[in-house]
1. Just one of (1) touching a Cys at 6+ places or on another chain (Cβ under 6 Å); (2) touching a residue at least 24 places away in the same chain (Cβ under 8 Å); (3) among the small types (Gly, Ala, Ser) trips up GLY308, so point out which.
2. Given the conditions (1) among the small types (Gly, Ala, Ser); (2) within 21 Å of VAL131 (Cβ to Cβ); (3) surrounded by 16 or more Cβ atoms within 10 Å (Cβ to Cβ), report the number of the one that SER210 does not fulfil.
3. Please go through (1) in contact with a His (Cβ under 8 Å, 6 or more places away or on another chain); (2) exposed (fewer than 10 other Cβ atoms within 10 Å of the Cβ) for THR99 and return the number of the only condition it doesn't satisfy.
4. In the range 85-96, which residue that is of a type in the set (A, V, I, L, M) and surrounded by 10 or more Cβ atoms within 10 Å (Cβ to Cβ) is farthest from ARG27 (Cα to Cα)?
5. Do we have ASP83 as in contact with a helix residue (DSSP H, G or I) (Cβ under 8 Å, 6 or more places away or on another chain) and at pLDDT below 90 here?
6. Hey, among ILE149, ILE96, which residue is out of contact with any Leu (no Cβ under 8 Å at 6 or more places or on another chain) and within 23 Å of GLY312 (Cα to Cα)?
7. If you scan the range 88-119, which residues turn out to be closer than 30 Å to GLU238 by Cβ and not in a helix (DSSP H, G or I)?
Amino acid sequence: MSDIEQKVKEIQEAAVTAILGADGLDRLNEVRVSFLGKKGSLTAVLKSMKNVDPEDRPKVGKWVNDARAEIEARMTEMKNRLDAEKMARELEKEKIDVTLPPKMKFIGHSHPNTIALEEVERIFVGMGYEVIEGPEIEYDDYNFTKLNIPANHPAKDEQDTFYITKDILLRTQTSPVQARVMEKGKLPIRMISPGRVFRSDEVDATHSPSFHQIEGLVIDKNITFADLKGTLDVFAKELFGPETKTKFRPHHFPFTEPSAEVDVSCFKCGGKGCRFCKGSGWIEILGCGMVHPHVLEMCGIDPEEYTGFAFGVGLERIALLKYEIDDMRLLYENDIRFLKQF
């Protein structure tokens, strides 16, 4: 056996040994490069053919090609084996025991505030109202001036309002949306404006610096207080039950004149008096009134031709009453034990 044949045989044996010892596809590829690559040991033999006698070159080429064929065959065999082992490991890892109990998936549901809001929107949309939203960061002009709230009014005090600049603030009510809609001059108007509002209140069972209001507005020709009373009576019956009665008490709001606060008969005791209504038989629910003529003028509407009414109710108040919740903080603490009740 010549030296070249011996060398080729040794390379072949070394390659087979390395292949059999490969513990993964990456290592197998390293073996391929080491023996069959451009700088591999078997390739080096071919490159040395120029130093071989011409009559011996065919024999050397056959030895190298036979060795290459054997190495590639062993590599293919090992690759198939490693692929099969890898697949078996992955299948074992992904195997599912169908006898195990299933993992329970808990699907959430709407928040009490959302449930109450959707019900209020359904009632008023059913009466032909449009739902309109507006910015939570508002100009002083829309939040106060156009709503007939003068510069010296207590509501404008920094103790009650979150000011960003002298003229920009976090809205204290959703009534600015009504002013913006009236300004556009597209009449008649029949709308409600739900949304988050902000006031500088201490957190307790009935107060929060951030809460929600739903305010309504109707502007048209020949609108009277009787229309307001009829609308709110329908609203109360739809929300709290067909036996619900309403009672209007005189009040004062800068935005409206005349103004009133509205009570509904206690839906727990039917007006007889109980712990829920503190024995009075009535529960205060919202404020309302006829839109002040000066407000109409400031928003570009002729008060001689058009009249209207407005009302505002706290969304949290509706949720507290309707679902008999005695602490407003429960609505925001995300306690699953509380939320599961709805």
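The values are calculated or read from the model by the stated rules, or taken from the named source; none is laboratory data. Note that the structure is predicted; figures quoted are calculated from it, not measured. All Cβ positions, glycine included, derive from the backbone under ideal geometry; neighbour counts span all protein chains shown.
1. Status for GLY308: all satisfied but (1).
2. That leaves (3) as the condition not met.
3. (1)
4. So the first thing to find is which residues in the range 85-96 are of a type in the set (A, V, I, L, M), and the list is 87-88, 91, 96.
If we keep only those that are surrounded by 10 or more Cβ atoms within 10 Å (Cβ to Cβ) as well, we get 87-88.
Values: MET87: 17, ALA88: 19 Å.
Among residues in the range 85-96 that are of a type in the set (A, V, I, L, M) and surrounded by 10 or more Cβ atoms within 10 Å (Cβ to Cβ), the one farthest from ARG27 (Cα to Cα) is ALA88.
5. yes
6. ILE149
7. ILE107, GLY108, HIS109, SER110, HIS111, listed by residue number.
So that you can scan it fast, the table gives a plain yes or no per residue for (1) surrounded by 14 or more Cβ atoms within 10 Å (Cβ to Cβ); (2) in a strand (DSSP E or B):
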residue: VAL218; (1), (2): yes, yes
residue: ASN222; (1), (2): no, no
residue: THR231; (1), (2): yes, no
residue: VAL234; (1), (2): yes, no
residue: THR244; (1), (2): yes, no
residue: ASP263; (1), (2): yes, yes
